[in-house]
Amino acid sequence: MKVCVIGSGTMGSGIGEVFAISSNEVVLYDIYENQIANARVRIEESLGKLRDSGKIKEEPRDIVSRIRFTTSPSDLEGADVYIEAVFEKPEVKAETLKKISEVAPKKAIIGSNTSSISITYLSKFVSNPERFLGIHFFNPVPVMKLVEVVKGDRTQESVVRKVFEMVKALGKEPVISQDFPGFIANRVLVPLIREAILLLEEGVATKNDIDKTVRLGLNHPMGPLELADFIGLDVLLDIMEVMYRDFGDPRFKPPITLRNLVNAGKLGRKSGEGFYKY
Ligand code: CAA
């Protein structure tokens, strides 16, 4: 199967990596040369970890050789599946989906890795909405088992079934969600992280103690503030903005602290500082 992943950030490169591990031909496309170069390094490092812990047997360089790293739109022609993983901004996703529709064969499946934006809304920008749906992976993609498969208003049932099987063939666990903002995971996660930020704002506890409580008291692998830094505070803010706008409910309202950190360029791990310093 030929799979094109559009957007080579953390999520896009992880998605490309897992398809390549499963012997698919992958095109990893970005408009930025430097993003593509970073993606290659990220994938090589990740494959190295998977090989060292015995989770893959194949040589990382053989897996990488199935990935075409490219900024050339003509490489996107003739694929079976397209997955967009660009910024979580409705206008950026819309533009990307229009471009994908121009090159994708009629029978191709087009998926969006959006974490919160309505699939039915995004389907307005593809030429074949029956074959469009949400395919939402989790970070770090090579480690996290879950994939949310999201049905838009016009998504064909047969396409949902096909993607469900495709996800299983990647060694992942699919769940099916209807098209509601934040789907399943972020509906639960966003209020959790938001509440942790409010605890901090209200001075109820230190950031270390908030995270420690959730790690040791609730058995989560990361505390909510560490996890926010790991997701990226800009990404988290984008998700909250969409959910707050769509639900109109204060459960999803971005806290001031989060907005201030993003405005200050403190985006979490990737920028060297967020709630914590790295
Ligand atoms: N590629 C390959 N392997 C990786 C990896 C990567 N990028 N990152 C970690 N690993 C592997 C490590 O090699 C290690 O493998 P072994 O156990 O075989 O040695 C294993 O994963 C654990 O990693 P570490 O020992 O380095 O660290 P850890 O035990 O703290 O685990 C973690 C790291 C897996 C990220 C863990 O902290 C975790 O699960 N955190 C929560 C992640 C989470 O909640 N993700 C969802 C975010 S929300 C989202 O993505 C969706 C959205 O819409 C916002």
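Only the coordinates and a few stated rules stand behind these numbers; no lab work does. Since the model is a prediction, treat every value here as computed from it, not as a measurement. FYI the Cβ positions are ideal-geometry reconstructions off the backbone, even for glycines, and counts take in every protein chain you see.
Numbers for the structure displayed
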item	result
Counting DSSP beta bridges with both ends in segment 133-218, the antiparallel % (nearest 5)	45 percent
Structure-based [θ]222 nm, the chain - -39500 (n - 2.57) summed over DSSP H runs of at least 4, per residue, nearest 500	-13500 deg cm²/dmol
Tally of Lys pairs whose C-alpha atoms are under 24 Å apart, taken over segment 42-107, 8 or more apart or cross-chain	8
Theoretical FRET efficiency, 1/(1+(r/R0)^6), r = Cβ-Cβ of Asn34 and Leu198, R0 45 Å, to 0.05	0.75
Where labels lie 7 Å past Cα in the beta-carbon direction, separation of Asp52 and Lys106 in nm	5.0 nm
Gyration tensor over alpha-carbon atoms, segment 1-93, equivalent ellipsoid semi-axes in Å	22, 14, 11
Cβ-Cβ FRET estimate between Ser72 and Ile256, R0 fixed at 35 Å, reported to 0.05	0.25
Taking His136, His220 and counting other C-beta atoms within 10 Å, the order from fewest to most	His220, His136
Gain in span if fully extended, Glu173 to Lys89, counting 0.36 nm per residue against the direct Cα distance	27.6 nm
Residues Lys93, Lys107, sorted so that the one with the fewest Cβ neighbours within 10 Å comes first	Lys107, Lys93
Percent of beta bridges antiparallel (DSSP, segment 31-167, rounded to nearest 5)	35 percent
Qualifying aspartates and glutamates (Cα of each under 15 Å from Cα of Lys172; at least 8 residues distant if same chain)	Glu17, Glu148
Highest-first arrangement of 68-81, 238-251, where packing means the average Cβ count within 10 Å	238-251, 68-81
Overall dimensions of the chain by Cα: Rg and Dmax, Å	18.6, 55
Potential extension, His220-Ala264 segment - 0.36 nm per residue separation minus Cα distance	13.0 nm
